[in-house]
Amino acid sequence: MPEEPAAAPTVSSTFNSPNADITLLSKDNTLFKVHRANLAAHSATFAGMFETMDGGGDNTITLSDESAEDLELILPYFHPRAVKPIEIAFPEIWRSVHLASKFQIFRLMDAIDIGLRWVPFSPIMSGQ
């Protein structure tokens, strides 16, 4: 029986820069067209990835562990513009912490820290 062709990827409506120089592909087949300089400036992980890319050919990075939802969460923290305060919801906080740590996104880590300080009766803040 012949294999069905893979579905064409969808493109993020939020991260679809017409002059992007790098494309991220999520595990659920969504493309994010972004700027290499922003990723490298705010993440040592991405900066390291770019050092090993030869600069020619396909500029797509496949992120086999991250969903489109994950990338929509972290990508705003790679841009110099203001980001709305992160809304902390358990267990979403653990996913945010994991992604911030994995990609070394210090701006997101700071937002999580600030967000946790404002969570009323947080078990983390009350030491329980």
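The values are calculated or read from the model by the stated rules, or taken from the named source; none is laboratory data. Nothing here was measured: the structure is a model prediction, and the numbers come from that model. Positions of Cβ are backbone-derived with ideal geometry, glycine not excepted, and every protein chain shown enters the neighbour counts.
Residue by residue through region 78-112, note down the ones that are among the charged types (D, E, K, R) and either modelled with pLDDT under 80 or assigned to a loop (DSSP other than H, G, I, E, B) (or both). Show your work before the answer.
Going through region 78-112, the residues among the charged types (D, E, K, R) turn out to be 81, 84, 87, 92, 95, 102, 107, 110.
Across region 78-112, the qualifying residues are R81, K84, E87, E92.
If the condition is being touching a residue at least 24 places away in the same chain (Cβ under 8 Å), more than 20 Å from H98 (Cβ to Cβ) and in contact with a helix residue (DSSP H, G or I) (Cβ under 7 Å, 6 or more places away or on another chain), then region 28-45 contributes V34, N38.
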